[in-house]
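Remarks on the structure that follows.
The values are calculated or read from the model by the stated rules, or taken from the named source; none is laboratory data. All of these numbers come straight from a predicted model, not from anything done at the bench. Virtual Cβ from ideal backbone geometry, glycine too; neighbours counted across all protein chains shown. Ligands, DNA and RNA are excluded from the accessible area calculation, which covers all protein heavy atoms including side chains. Shrake-Rupley method; radii C 1.70, N 1.55, O 1.52, S 1.80 Å.
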Amino acid sequence: MSRIGRPARRSFLIGSAAVAGGVAFGYYRYRQPLPNPLLEGLAEGEAALTPFVRIDAQGVTLITPRADMGQGASSIQAYLLAEGLDLDPLTVRLDPGDPSPAYYNGAVLAEGLPFAATDTGWLAETARAAADVPARLMGMQITGGSSTVPDMFDRLRHAGAVARETLKEAAAQQTGIARDRLGTDDGAVILPDGQRLPYGALAARAATLEPVTDAIPRPASAWRYLGKRVQRTDIVAKSTGTETYGIDLALDGMLYASVRTNPGLGGAVNGYDASAAEAMRGVLKVVPVTGGVGVIADNTWRAFRAVNAIAIDWGAPGYPASSDQIWPALRAAMTAGNRDSRFRDEGDVENALFEGEAIAAEYRVPYLAHAPLEPMNATVRVTDSRADIWTGTQIPRFVQTHAARLTGLDEAAVHVHALPMGGSFGRRLEDDYVLQAVELAMAVKGRPVKMTWTREEDMTHDFPRPAQIARGRGTVREGRVEALDLSVVGQSVSASWLGRVMVAPPGPDTTIVAGAWDQPFAIPHYRVTGYRAPEMVPVSSWRSVGASANGFFHDCFLDELIHAAGADPLEERLRLCADPLSRKVLEAAAEMSGWSGPRISETRARGVAFCLSFGVPMAEVVEISRTEAGIRIDKVYAACEIGRVLDPDNFEAQVAGGILFGLGHAMNCELSYADHAPEQANFDSYPGMRLSQAPQIEVRGLENGDRIRGIGEPGVPPAAPALANAIFALTGQRIRELPLNRHVTFA
Amino acid sequence: MQLTVNGVAHELDVEADMPLLWVLRDELGITGPKYGCGIAQCGACTVHVDGQAVRACQVAAGDVWGEITTIEGLGTPRSLHTVQAAWIAHQVAQCGYCQSGQIMQAAALLAENPDPTDAEIDEALSGNLCRCGTYPRIRAAVKTAAAMLREG
Ligand code: FES
Ligand code: FES
């Protein structure tokens, strides 16, 4: 049951395609099986039993097309396949595979639909199912939106099982024993007499067979890996310095490069003088690139030094120069004409605010950089007939398309080799840095060029999380929250990002209000309105996207109302919560933290916050204390509902990592602008969180729901409000802007 | 100039002011030490010079005063150093990009102080940034490694 208002039907637009596009594009084409990219270039004796499993005489290779940026995507994909195939993924090769429409993401678009995750009505479910259509037709191979597990859970276990049954069929034909009398165990088919036929030895015969598609994955009760503590497939390499990230790639004859582009994003280059750079040791070539200049040299440091020695005259971009101008421009955009969405409108908000004593507050959050620890980089070799690109990316198919356009080559001649990423947090949903490397490589055809950004280039040329402003109004009555009206204004992430990688979509942008409009509370008079500000600094998705800001706005303002009502923060959230799964999450957080009210002692207090994002209800309780050095975060308790915990160890790591990401930026980070560029260029002024500030964290995953969810992002949104609410409980100070260290000192 | 890295001597022709980090990475192809900030703010480039943890981005090649050990020289997948074994047991790494530096910093700490307190761990490792938020496991792994080293 959902009390959430139904959006108008015409607003189901995602990407450039209507979700109803199954009809528009032709259902027939949608139903056609996608070609298996592994079949191309298969050698004699090799079998590609599905797009995800390749077998030759040496053994098995598992294809894990969702990109690993630290969230454990490769590992969980390998374990899902392994569970179906019945082998130990630590003993086989893993390969991200070549970009292919066969690896489209059928789950990522559903998050952009104007339906709350708690809405399981016919319209919402139909739209979710239909969101698969444009993703499949456009071959959207994207990693993001905490969608890898929801998208791949059935698909990969089934692919593994198809491969397993096909191998059994090969064994049946080889031995004359019926397939249903054969078993499997850890990479081998087992004959009735116990004899083992390794999968590799069956490859040649299996390659001649039609895949056995009616295979059934093992039931959960028989799982060998899933649901158990397993070793991450990349953990040894990452603990021994032997993982090869994009920045580490070495190729014969490789050159090294770096670029500087206009710190006013999108601004022109009026001219430059590179004479000093050209005379420096190791410099081969100075090359103009889109929006800036690059240097190709024989060593990265020499390229850094030379590129910094170029005097460049930058043109101004088309957005306000400073934060002093950006904030008023944002605030001024909260007008009826800019109204973008009102997905939630219940009761009679205007009347409730008129009749009650309205409480009002304004909140704001700053632009934030992604700043993964590995700076942007890409290695590219271009010849007259092909391009090879080695890089960490969340969007390999877009990279392929854009590089083809830039080089004039066919898409099929552009080969993207995905490498593990030293973090991303959404940054590598863009491919600006890859295309710069392509431009450089085109200037020295035939030679591979590894282009690396300096940290300063990286921090000042991010597409940041947008700054947003929210206005809350509400009333309370007889100890209860009666009305909540939240208006949020911000730039559109969807329009900005999709405008760069594809085409800006029509219709409202759910990210402006995600994490606010879709919360499972039953407040009698309840309204959430989104306003679209004009594009200023180009923006993009930052871990948890819209909910990273709206989790703070919605929950902190709710906390204000609860305080005004004189109710307990946890009990009133529970009373208002209309979703049974979310209630259990709040109850678990209360139990874990031993909740007994916000005040623990004279010097200690706690705050609770709740946010449902990416289908995951998450409650966090933050405990803080007052010390001589400032406020210290002692402990965080987090409970969430994700349907099924597939990898308990990585589940805990992702939630804890999300919490620290949320807390660190809420405490210490902002991008402020002067002369069109961020004033923060490195970790000295944008420190994130350091070890000494990290609290202890306790995490619990509930498995009451029937849908499996991803967990890379949902830990982030409740962290900032839980901390701000704790600070209010300790000090009486209600901080309504981030970062919090503008107002308090942290130990 | 001559540098000894992981027990191997190398003859190099580089500028004296090239940071050790880029000598290791681009001249010698030793990529365990990472570039994260270039200004001593992240610790991803941490290596040992005569057993002492230093930021390779801050040491000029011409100023190196002793033998260099990188993460590759600390231990290998087949022959792990105790700190690496503890890091694997706790599955510390997420993206893993900071972890070479974290491990080198932790190994230097434990060589000097076999039984560090929580405060000493915080102090020694707070210069090593982790953007993925692996800090709780770093603390736990340092303690495990310390216990393993004490037990020999
Ligand atoms: S790269 Fe040396 S401390 Fe960051
Ligand atoms: S594990 Fe990613 S930066 Fe530390």
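Working note: Cα gyration tensor of the stretch A:510-570, eigenvalues times five, square-rooted, sorted largest first, giving semi-axes of 26, 12, 10 Å.
Which values of log₁₀ I(q)/I(0), to two decimal places, follow from the Debye formula for the stretch B:1-121 at q = 0.10, 0.17, 0.19 Å⁻¹ with a uniform point scatterer at every Cα? Values, matching the q order: -0.29, -0.83, -1.03. For the protein assembly as shown, a crude dipole built from +1 on the beta carbon of Lys and Arg and -1 on the beta carbon of Asp and Glu, taken about the Cα centre, is about 1500 debye to the nearest 20.
The Rg/Rh ratio for the protein assembly as shown, using Cα coordinates for both the radius of gyration and the Kirkwood hydrodynamic radius, is 0.96.
Under the convention that each Lys and Arg Cβ holds +1 and each Asp and Glu Cβ holds -1, the size of the dipole of the stretch A:265-409 around its Cα centre is about 960 debye.
The aspartates and glutamates whose alpha-carbon is closer than 12 Å to the alpha-carbon of A:K228, local same-chain residues fewer than 8 away aside, are A:E83, A:D647, A:D649. Can you spot the lysines whose alpha carbon is less than 24 Å from A:K450's alpha carbon? Ignore those fewer than 8 places along the same chain. Within the straight-line cut-off, A:K450 pairs with A:K238, A:K285, B:K34.
For the stretch B:82-151, the direction-averaged projected area of the alpha-carbon convex hull comes to 3.9 nm².
Taken per residue, the accessible surface of the protein assembly as shown reaches 35 Å², heavy atoms only and a 1.4 Å probe. The contact residues of the stretch B:111-152, meaning those that lose at least 20 Å² of 1.4 Å-probe accessible area when all protein chains sit together rather than their chain alone, are B:D122, B:S126, B:L129, B:R131, B:C132, B:G133, B:Y135, B:P136, B:R137, B:R139. In the context of the full protein assembly, B:T82 retains an accessible surface of approximately 40 Å², using a probe radius of 1.4 Å and ignoring ligands and nucleic acids.
Over all orientations, the stretch A:469-625 has a Cα convex hull whose mean projected area works out to 10.4 square nanometres. In the protein assembly as shown, taking the dipole from charged Cβ atoms about the Cα centre, the farthest positive-side position among A:M618, B:A16, B:G62 is held by A:M618. Take every DSSP beta bridge whose two residues both sit in the stretch B:2-74; close to 90 percent of them are antiparallel. For the pair A:D88 and A:A564, label points projected 7 Å from Cα toward Cβ lie 6.1 nm apart.
Taken about its Cα centre, the stretch B:2-74 carries a charge dipole of about 380 debye when Lys and Arg each add +1 at the Cβ and Asp and Glu each add -1 at the Cβ.
Heavy-atom surface analysis with a 1.4 Å probe gives chain A a carbon and sulfur content of 49 percent of its accessible area. For the peptide B:9-16, the mean number of other protein chain Cβ atoms found within 10 angstrom of a residue's Cβ is 1. Comparing the stretch A:47-166 with the 2.2 N^0.38 Å rule of thumb, its C-alpha radius of gyration ratio is 1.12 (two decimals). Annotation: peptides B:63-72, A:464-473, ranked by per-residue average of other Cβ atoms within 10 Å with the highest first, follow the order A:464-473, B:63-72.
Between A:Q195 and A:K445, the contour length at 0.36 nm per residue exceeds the alpha carbon distance by 84.5 nm. Across all directions, the average flat footprint of the convex hull enclosing the Cα atoms of the stretch A:188-248 is 8.2 nm². Shielding by partners for peptide A:69-78, expressed as the average number of C-beta atoms from other protein chains within 10 Å of each residue's C-beta, is 2. The accessible-area loss of the stretch B:29-65 on complex formation, taken against its chain alone with a 1.4 Å probe, reaches 20 Å² or more at B:T31, B:K34, B:Y35, B:G36, B:C37, B:I39, B:Q41. The calculated FRET efficiency for A:F354 paired with A:T731, based on their beta-carbon distance and R0 = 41 Å, is about 0.80. Here is the interface size for A with B: some 4700 Å² of accessible area buried, both sides summed, with a 1.4 Å probe.
Relative protection proxy for A:351-358, A:508-515, from highest mean packing down: A:508-515, A:351-358 (other beta-carbon atoms within 10 angstrom).
Can you work out D for the stretch B:97-137 in µm² s⁻¹ from Stokes-Einstein, where Rh is the Kirkwood radius over C-alpha pairs, the temperature is 25 °C and the viscosity is 0.890 mPa s? In µm²/s, the coefficient rounds to 233. Could you work out the local net charge near A:P65, counting Lys and Arg as +1, Asp and Glu as -1, over the other residues with Cβ closer than 12 Å to its Cβ? Around A:P65, the surrounding residues sum to -1. Helical runs assigned H by DSSP (4 residues or longer) give chain A a calculated mean residue ellipticity at 222 nm of -9000 deg cm²/dmol, each run adding -39500 (n - 2.57) before division by the residue total.
Below 15 angstrom from the Cβ of A:Y225, what's the summed charge of the other residues (Lys, Arg +1; Asp, Glu -1)? Within the 15 Å Cβ shell, the charges total +1.
Principal semi-axes of the equivalent ellipsoid, √(5λ) from the alpha carbon gyration tensor of the stretch A:611-747, are 28, 18, 13 Å from largest down.
Once the C-beta distance of B:R150 and A:S596 is scaled by a Förster radius of 41 Å, the resulting FRET efficiency is 0.55 to the nearest 0.05.
With each label modelled as a point 7 angstrom along the Cα→C-beta vector, the A:D180-B:A111 pair spans 6.5 nm. Residues of the stretch A:364-412 whose accessible area, computed with a 1.4 Å probe over protein heavy atoms, drops by at least 40 Å² once all protein chains are present relative to their chain alone are A:L373. Pick out, from A:L435, A:G112, A:M421, the residue whose Cα sits farthest towards the positive end of the charge dipole of chain A, with +1 on the Cβ of Lys and Arg and -1 on the Cβ of Asp and Glu. Going by the charge dipole, the pick is A:G112. Charge tally for B:G32 (other residues, Cβ to Cβ under 14 Å; Lys, Arg +1; Asp, Glu -1): -2.
Sorting the Cα pairs of the stretch A:225-309 by distance into bins of 10 Å, from 0 upward, gives 16, 32, 23, 15, 11, 4, 0 percent per bin. For B:A60 and B:E123, a Förster radius of 25 Å and the Cβ-Cβ distance give a FRET efficiency of 0.40, rounded to the nearest 0.05. Distance between the pseudo-spin-label points of A:E411 and B:E11 (7 Å out from Cα toward the beta carbon): 5.3 nm.
Relative contact order of chain A, taken over Cα pairs closer than 8 Å and 6 or more residues apart, is 14 percent.
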